[in-house]
Amino acid sequence: YVAPSYQSASDNGEAEALITNAAGFTKLVLFGEAGQASVSGSFVLETVELRYAVDMNSAAGWVSLVDGAYTLTDVAEGTQVDYAKNAGDEWAAIKLEVSADTAGLNTLLVTITGGTEGQQVLLKPNDDGALEAMLTFDANGEIHAEVIIDATITSMIVFVQPGQAPATGTVTIGQFMLTYTEQPE
């Protein structure tokens, strides 16, 4: 048994908690005023969410689909992606084969830094154009995205500055994780 870690914050009487390291949980028990005798009152439980996540952010699994166009390195911040696309490499990409344990996961959480405002990254799950998502770096040179994907992911293709060559630079994938998120009906 590994005890979970948690974070709690209170603002205007509203409490918020995030429990991590919850591998193997089969039930969750909540106590109002735990350890106190003869207490009454009420609280509203607004949301309880269990997320299963598969972290895909390791340079070891990614491959460049065009020799020399991308170099991938594990760094403290995530995966560093150095690209040097020559004329004719407009659609050079990197690819990751995704393990079978992602069945049912429907949300891709992405954080990429080091870009230039307006620069783009194209995500193409399963090499399927119907699932692709174009992401754009903000004024801080960052992408923070939550992409809903309604298919089992078997591979992921990523294009940095799609359709552009020559192009050189470096971006860092800080988060690239598949999770399950309950979608409102």
### Query
Given Gln161, Gly129, Gln175, which one lies farthest toward the positive end of the charge dipole of region 88-185, if we put +1 on the Cβ of every Lys and Arg and -1 on the Cβ of every Asp and Glu?
Gln161
### Query
How big is the equivalent ellipsoid of region 77-181 along its three axes, where each semi-axis is √(5λ) from the Cα gyration tensor, reported in whole Å from largest to smallest?
23, 16, 12
### Task
Would you mind giving the three semi-axes, in whole Å and largest first, of the ellipsoid equivalent to region 104-146 according to its Cα gyration tensor?
21, 12, 6
### Task
Express in Å², to the nearest 10, the accessible area of Lys95 obtained by rolling a 1.4 Å probe over the protein heavy atoms while all chains stay in place.
50
#### Entry: Accessible area of region 93-185 belonging to carbon and sulfur atoms, whole % at 1.4 Å probe
46
### Query
According to a simple spin-label model (label point 7 Å from Cα along Cα-to-Cβ), what is the distance in nm between Thr71 and Ala103?
4.0
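The values are calculated or read from the model by the stated rules, or taken from the named source; none is laboratory data. These numbers come from a predicted model, not from an experiment. We place every Cβ from the backbone using ideal geometry, glycine too, and count neighbours over all the protein chains shown. These area figures cover heavy atoms from the full protein model, side chains too; ligands, DNA and RNA do not enter into them. Shrake-Rupley method; radii C 1.70, N 1.55, O 1.52, S 1.80 Å.
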